[in-house]
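Everything on this sheet refers to the single structure shown next.
The values are calculated or read from the model by the stated rules, or taken from the named source; none is laboratory data. The structure presented is a predicted model; accordingly, all values stated were derived computationally and were not measured. Neighbour counts are summed over all protein chains in view; Cβ atoms, including those assigned to glycine, are modelled from backbone coordinates with ideal geometry. Please note that ligands, DNA and RNA were not included when accessible areas were found on the heavy atoms of the full protein model with its side chains. Shrake-Rupley method; radii C 1.70, N 1.55, O 1.52, S 1.80 Å.
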Amino acid sequence: MEAVIYLLLLPLIASLLSLVGEKWGKALTPAFAFATAILSTMMLYGGKTVSTQNFYADWYSFVIAGIVSWVYFFASLASLYYTKGIERPFFDLRYYWSFLSLFALTMNFTAIVSNLGWMWIGLEATTVVSALLILTEGEKRNVEGAWRYMIVASAGLGIAFLSVILAYTSSGTLDVRHLTFTPKEALLVSTLALIGFGTKVGLFPMHGWLPDAHGSAPSPVSAMLSGTLLPTALLVYYRILNASPSSTPAKMTLLFGVLTLLVASILMASQRFLKRLLAYSSMDMMGVATVGLGLAYYHPALLKLVFLLLAVHAFSKGALFITAGSVMRAYETHEIGEIKGLMRSNPMSGLSLVLSALSVTGSPPFGTFIAELGIIGVALSRSYWWALFIGTGLLLSFLALNWHSARMAFGEGEDRKVPTGDGVIALTMTLVALGISLYAWYLILTGGLIV
């Protein structure tokens, strides 16, 4: 049996055992998540591509599986604290633990299967499971957020399904290793895929579900939605884009990425509500990553920097959402302007907030800075206008997120205590992002990563 199957079996076992009772979910989910994370890391550093009839997992697949598994682990730890504060759950909380593992399973499945049709099924399954997770707290806003998410995501995946059908018609196969298109076929398939799978990525103008889902989901779930689901959908789109023999789909990808980056950065500046701010920040980073995918057609080495950006963003944004959830509960508000003085009253949460915001917005020495520098460099070689638009979006998002985070971290405000456990988990995730970044710097300086 291929070792990759355990990336599916471990969360599946955790999901089934959690149905026995909430105590089983609390006890077993973090343990099984940790085992899944260790296994994914070993496979990533093993450097071997798994290629069988049913599975195809290359370096990019294992990066996504590693992101999914580790964020799943940290989200399960944060859930131990978060679920204590749920007063009127929509369903018995044993289902929350079961769905959390099932969510990780569906994303790992999507990342490692070889068939584009199975990838589509995997993403459709993520929609159902994550919508149920959004419902956990049972409030009206949760129901509305889950309903909007289901409608928009399902509509997008309906369009994505058309791209899958056309890919089969053109190539005679759905195996991502053997997709072949003519330039005209590639343009049609890529356009439908960009709109369809781009809906799950959160690209403009298909991003409408993002702020509603994040604004109402439990914070550990938001960490997984942002850090793992969006990159998983982007990987599926990359598989289709990679089969294109012409530059037109890459240019279209670049255009959608730039528009997403600019729109998200503008929306971030005017946000009053904390989790919606972080949702638009996720949209912003997916715009940057999509720009990188488009530019990688001209400079293939850029692709590894895109996945470095996705990895660093996953841990940093996960830390931000976990911090946001505990802070909003402590201060009993969703509004940014009513949260102040975190660095004084809750130093660990305040430090995590500031560092994670800097990481997400591409400050050195974080890996996002390396990736964004590479993206702007390649953009400059293609067109000064592209570089100007990308640079403007990056600058606006940097100012917006760090301005808001500084307002919350510093200044005079009412002291409210945040649970220490949440602060430790968030800060650890931030330090993991820093560790990945420093390792990337080491590889660049020693010639192990050529950009």
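Okay, here's what the table says:
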{"quantity": "Amide N proximity, the stretch 180-194 versus Ile165 label position 7 Å along Cα-to-Cβ, cut-off under 15 Å", "calculated": "189, 192-193"}
{"quantity": "Burial ranking of peptide ranges 361-372, 297-308, 230-241 (average Cβ count within 10 Å, highest at the top)", "calculated": "230-241, 361-372, 297-308"}
{"quantity": "Segment Leu399-Ala269, extension gain: residue separation times 0.36 nm, minus the distance between their alpha carbons", "calculated": "46.0 nm"}
{"quantity": "Chain lengthening between Ser51 and Tyr384 when straightened (0.36 nm per residue, less Cα-Cα)", "calculated": "115.8 nm"}
{"quantity": "Simple spin-label estimate for Trp118 and Ser246 in nanometres, 7 Å along Cα-Cβ", "calculated": "3.2 nm"}
{"quantity": "Using a Förster distance of 51 Å, the FRET efficiency for Ala31-Thr182 (Cβ separation, nearest 0.05)", "calculated": "0.55"}
{"quantity": "Helix-only CD estimate at 222 nm, as mean residue ellipticity for the chain, using -39500 (n - 2.57) per DSSP H run (n ≥ 4)", "calculated": "-25500 deg cm²/dmol"}
{"quantity": "Over the chain, relative contact order from alpha-carbon pairs under 8 Å, at least 6 apart, %", "calculated": "14 percent"}
{"quantity": "Percent carbon-and-sulfur accessible area, the chain, ignoring ligands, DNA and RNA, probe 1.4 Å", "calculated": "68 percent"}
{"quantity": "Greater than 26 Å apart at Cα, pairs in Lys200/Lys304; Lys23/Lys48; Lys48/Lys317; Lys84/Lys200; Lys26/Lys417; Lys84/Lys275", "calculated": "Lys23/Lys48; Lys48/Lys317; Lys84/Lys200"}
{"quantity": "Part-to-part distance (alpha-carbon centres) for the stretch 394-451 and the stretch 48-89, which is given in Å", "calculated": "20 Å"}
{"quantity": "Spherically averaged projected area of the stretch 380-451 from its Cα convex hull (nm²)", "calculated": "7.6 nm²"}
{"quantity": "Cut-off 11 Å between beta-carbons: net charge of the residues surrounding Thr49, Lys and Arg +1, Asp and Glu -1", "calculated": "+1"}
{"quantity": "Label-to-label distance, nm, for residues given as Glu338 and Tyr439 (7 Å Cα→Cβ offset)", "calculated": "4.1 nm"}
{"quantity": "Additional length obtainable on full extension of the chain from Glu87 to Trp147, 0.36 nm per residue less Cα span", "calculated": "19.4 nm"}
{"quantity": "Inter-label distance, nm, simple model (7 Å from Cα along the C-beta direction), Glu2/Ala406", "calculated": "4.9 nm"}
{"quantity": "Estimated FRET transfer efficiency when R0 is 25 angstrom, pair Tyr298-Met42 (beta carbons, to 0.05)", "calculated": "0.15"}
{"quantity": "Ellipsoid equivalent to the chain - semi-axes via the Cα gyration tensor, in Å", "calculated": "31, 26, 20"}
{"quantity": "Under the span-like rule (Cα at least 30 Å along the axis, Kyte-Doolittle mean at least -0.5), DSSP H helices of the chain", "calculated": "22-46, 59-82, 140-171, 248-269, 274-295, 302-331, 384-409, 420-445"}
